[in-house]
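Okay, structure first, notes after.
The values are calculated or read from the model by the stated rules, or taken from the named source; none is laboratory data. Because the structure is a prediction, the values reported are computed rather than measured. Note that each Cβ is placed from the backbone with ideal geometry, even for glycine, and that neighbours are counted across all protein chains shown. Calculation scope for accessible area: heavy atoms of the full protein, side chains included, ligands and nucleic acids excluded. Shrake-Rupley method; radii C 1.70, N 1.55, O 1.52, S 1.80 Å.
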Amino acid sequence: MSHPFPYSLETVVDEVFLEAAAVDDGDVTTYIPELARVDPALIGLSVCDGSGAFVERGDSGHYFTLQSISKVLGYACVLEIFDDETIARHVGVEPTGEDFDSIIKLDRHKRPFNPMVNAGAIAVTDLLLTRFGGEAVEQTLAFFAQLLGRKDLVIDEAVYESEQRTGERNRAIAHLLKNFAILENSVEEVLALYFRHCAVQVTTGDLARLGMTLANGGCTPGGGDPVLCPETLRKLLSVTLTCGMYNYAGQWVYEVGFPAKSGVSGGMLGIVPGRYGIGVFSPRVDEKGSSPRGVCVQKRLSDRLNLHMFAPD
Ligand code: GLN
């Protein structure tokens, strides 16, 4: 393991950015056709610390869609609103070891294993719809905006419509959940909200700020008020750590050692408790739906800055 000193954060970010930019594995996502239109060469990186200071490189101002990173935000919202028993009737907290879009895997209680795979996130989205009714899109986006420290958020309508048109695999998952009485609302209503929150546009700066808020006891960086209660944060970070990287989760904790979440748009969120929020974007993803450049950034930062949760000081 290399030791961080005497390097400054700026120097380390410079090195890590160059290293990640040299990685050219993966391909842009095509199963959501609109995502295939992106420039594959884009790469953005933002790191935010507890004071709210940012170190940013590359295409950090480029907008991309949250995709699966929205699962963290949706689950946070449900944890704030519902009691444990209600949530546990809809979704568990166990890693699956399966791909994010696995159709068949429900646990012995006939519920999705966790909220970080599509089945679980669709169950979570159903809870949001039940609570917010006709206001569900506005209320969900308002909650996301608060966590992201943004006044408002924009949905990429082209990406939303593209996934609506082609999202038969998620339809199959949602029908399965409906069959097991996990969903209260109609499959199409739930998917419309799910596809919308996946299509929320953000930058790597937004993700870094969100990561720092989650790393900072739920308080926005720079001395902001808490936007999440401590119990929500504890549960959210636990599940993100153990389930956020899908079938790579064990290896992730082993190698990197802090919670992270990737999305098929190429975005990646890293949460380093007490230290940093990390946002990465590069559109080419591996067969697990994570950006190899994003993975490289998180691994290298963990190594260079000694960020693994079990690393000795
Ligand atoms: N909207 C995507 C889907 O449900 C999100 C998947 C992902 O980012 N891993 O398939």
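Tabulated data
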| item | result |
| --- | --- |
| From S60, S102, S68, residue being within 13 Å of the ligand (Cβ to nearest atom) and touching a strand residue (DSSP E or B) at 6+ places or on another chain (Cβ under 9 Å) | S68 |
| Within region 63-108, tally of residues that are open to solvent by less than 60 Å² (accessible area, probe 1.4 Å) and either at pLDDT 95 or above or outside any loop (DSSP other than H, G, I, E, B) (or both) | 24 |
| Boolean, G134 is surrounded by fewer than 21 Cβ atoms within 10 Å (Cβ to Cβ), in contact with a Leu (Cβ under 9 Å, 6 or more places away or on another chain), farther than 13 Å from F195 by Cα and small (G, A, S) | no |
| Contacts under 8 angstrom Cβ, first residue in region 119-138 being without any contact (Cβ under 8 Å) to a residue 60 or more places away in the chain, partner hydroxyl-bearing (S, T, Y) and assigned to a helix (DSSP H, G or I), 6 or more apart | V124/Y75; L127/T86; F132/T140 |
| Residues that are modelled with pLDDT under 90 and either among the hydrophobic types (A, V, I, L, M, F, W, C) or open to solvent by less than 30 Å² (accessible area, probe 1.4 Å) (or both), drawn from region 212-228 | G224 |
| Test result for V253, within 16 Å of the ligand (Cβ to nearest atom) and surrounded by fewer than 24 Cβ atoms within 10 Å (Cβ to Cβ) | no |
| Region 289-301: number of residues that are over 14 Å from the mean Cα position of the chain (by Cα) and surrounded by fewer than 24 Cβ atoms within 10 Å (Cβ to Cβ) | 4 |
| Sole exception among (1) exposed (fewer than 14 other Cβ atoms within 10 Å of the Cβ); (2) in contact with a Leu (Cβ under 9 Å, 6 or more places away or on another chain) for S60, by number | (1) |
| Selection count where residues are away from the ligand (no atom under 12 Å from the Cβ) and open to solvent by less than 10 Å² (accessible area, probe 1.4 Å), scope region 260-282 | 10 |
| Output for region 153-162, where each listed residue is assigned to a helix (DSSP H, G or I) and either closer than 20 Å to G289 by Cα or touching a helix residue (DSSP H, G or I) at 6+ places or on another chain (Cβ under 8 Å) (or both) | A158, V159, Y160, E161, S162 |
| Qualifying residue in region 257-279 (condition: assigned to a helix (DSSP H, G or I) and within 11 Å of the chain's Cα centre (by Cα)) | no |
| Test: residue in region 224-236 that is closer than 26 Å to E138 by Cα, more than 16 Å from the ligand (Cβ to nearest atom) and of a type in the set (S, T, N, Q) | yes |
| Tabulated pairs, region 255-267, first on the phi > 0 side of the Ramachandran plot and of a type outside the set (K, R), second within 13 Å of the ligand (Cβ to nearest atom) and open to solvent by 10 Å² or more (accessible area, probe 1.4 Å), C-beta under 6 angstrom, 6+ apart or interchain | G266/V285 |
| Members of region 30-42 that are open to solvent by less than 70 Å² (accessible area, probe 1.4 Å), part of a loop (DSSP other than H, G, I, E, B) and either farther than 11 Å from F64 by Cβ or away from the ligand (no atom under 16 Å from the Cβ) (or both) | I32, P40, A41, L42 |
